[in-house]
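Scroll down for the structure; my scribbles are underneath it.
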Amino acid sequence: MRARPSPNAIRGGGGNVLQLSMRRMHDLVAFCVPYEFEDVVAEATGADRVEPENEDELEFARRVYKLARFAARSRRIAKAVAPRLGVPPLARDYELFLPVFNNAYELFALAAVPGWRERCRVAACYVSEMATYGIPEYLVELLADFDHVFIGSCHPIPEVARIVGKPCTSLSPAADVLRFAPYPDPPPRTIDVSNIGRRSPVTHAALLRLARERRIFYYYDTIRASGAGGKQMTFSVGNASEHRLLLASVLQRSRYYVANRARANEPELIEGREEISYRFYEGVAAGAVLVGEPPRNDEFRKQFDWQDAVIRMPFDCAEAGEFLAAIDADPVRVERIRRDNVRNAALRHDWVHRLRVIYDTLGLRPTEAMLAREEHLRSLRTLALEPRGDAA
């Protein structure tokens, strides 16, 4: 008989994993990526999931906690003073508690799962993004009750480990490769170039000129830029899974995908601390040819170590059309790149590979569904090894 979920948890597939997701409160497009990780975890483990939705109540409690924490200089007193959220305690035990946070400012949402430490044998969390500057220490210290902390960025690891006093490991992003891969029946690549998210106005103008001349099909964002200096390209998403499906469909049909290091248009913020953006993982999974400026560090070179994983194109490239035409002149190379990208993504960059790292680190046995997904990915790799002459 399947164990019943706790009253404030959404029933999963009867597994022994409990998730905490911010998807009902925070819906920016970039957050669709960690929500995709949650979906793969749920599918592979049968996890129950807590999804807080009263943001006003949670934010008020966080502010009270912050004031008390700095006034009393005591985490214990602050926790006692902060208002309790109107959620029931967990009603059953779990093997693993695995919350996913988009950033460190969401960590107070742990209050929406009272008693999680007592009810879960082991606990690990994943924080998708965290900058090295402005780390909210009063929130990060809440992670001290976890057995292991995983962060999607590598540079803040030493500081977080100091604050938390627990093992802290960099766990890079990934993609749902089974969703993004074009095989077994690759569609025609009718989109010449896709360029989403942060972008260079110089490169965009060059590609836009070709689109106006009806020489290419150029897919790009048309939303108004936001943030300081108009550097961000973001918007809210109604359904994260549907958005990722749409993006996968676009990239499966894209010949080239512009992929640059994270925050490439804010070099003053990332100098010496470059990170790998999501673009690289989803682009290789879809078998697109990646062009752009990757991070200049060993971590990127280790993760994307095959030939032409990304063809380096200057961030500001006024001759983008000529640059892509030169690559087009070698169709054998293009075909090889596509197959190599999908093959390596299937072997290394699916979300189940990240989940396996967490399980191995905590000494947990993989579930049957995890093993089945890994086998499916190995079959996909075999398909990618076969020359197929994908439609250009």
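The values are calculated or read from the model by the stated rules, or taken from the named source; none is laboratory data. As the structure is a prediction and not an experimental result, all values here were calculated from the model. Don't worry about glycine lacking a Cβ; one is built from the backbone with ideal geometry, like all the others, and counts go over all protein chains shown. What goes into the accessible areas is simple: the full protein's heavy atoms, side chains included, and nothing from ligands, DNA or RNA. Shrake-Rupley method; radii C 1.70, N 1.55, O 1.52, S 1.80 Å.
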> In the range 64-94, which residues are open to solvent by 70 Å² or more (accessible area, probe 1.4 Å), among the charged types (D, E, K, R) and not in a loop (DSSP other than H, G, I, E, B)?
Replying inline: Lys66, Arg75, Arg76, Lys79
>> I want to confirm something. Restricting to the range 282-318 and keeping residues that are touching a helix residue (DSSP H, G or I) at 6+ places or on another chain (Cβ under 7 Å), of a type in the set (D, E, K, R) and surrounded by fewer than 19 Cβ atoms within 10 Å (Cβ to Cβ), which single residue is farthest from Pro201 (Cα to Cα)?
In response: Asp308
> Does the range 130-153 hold any residues that are in a loop (DSSP other than H, G, I, E, B), in contact with a strand residue (DSSP E or B) (Cβ under 8 Å, 6 or more places away or on another chain) and closer than 25 Å to Arg296 by Cβ, and which are they?
Replying inline: Met130, Gly152, Ser153
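Conditions (1) surrounded by fewer than 17 Cβ atoms within 10 Å (Cβ to Cβ); (2) aromatic (Phe, Trp, Tyr); (3) in contact with a His (Cβ under 7 Å, 6 or more places away or on another chain); (4) under 17 Å from Pro188 (Cα atoms), marked per residue:
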residue	(1), (2), (3), (4)
Asp330	yes, no, no, no
Arg339	no, no, no, yes
Val352	no, no, no, no
Leu355	no, no, no, no
Ser379	yes, no, no, no
> Got a number for residues in the range 95-105 being within 19 Å of Asp39 (Cα to Cα) and either part of a helix (DSSP H, G or I) or open to solvent by 10 Å² or more (accessible area, probe 1.4 Å) (or both)?
Replying inline: 2
> In this structure, is Glu322 in a helix (DSSP H, G or I), open to solvent by 60 Å² or more (accessible area, probe 1.4 Å) and out of contact with any Phe, Trp or Tyr (no Cβ under 8 Å at 6 or more places or on another chain)?
Replying inline: yes
> Across the range 161-176, what is the total count of residues that are open to solvent by less than 30 Å² (accessible area, probe 1.4 Å) and touching a helix residue (DSSP H, G or I) at 6+ places or on another chain (Cβ under 6 Å)?
Replying inline: 8
> Among the listed residues Arg365, Arg356, Arg339, Arg343, which satisfies the condition of being outside any helix (DSSP H, G or I) and under 26 Å from the mean Cα position of the chain (by Cα)?
Replying inline: Arg365
>> Just the residues that are over 22 Å from the mean Cα position of the chain (by Cα) and not in a helix (DSSP H, G or I), please, taken from the range 154-176.
In response: Gly165, Lys166
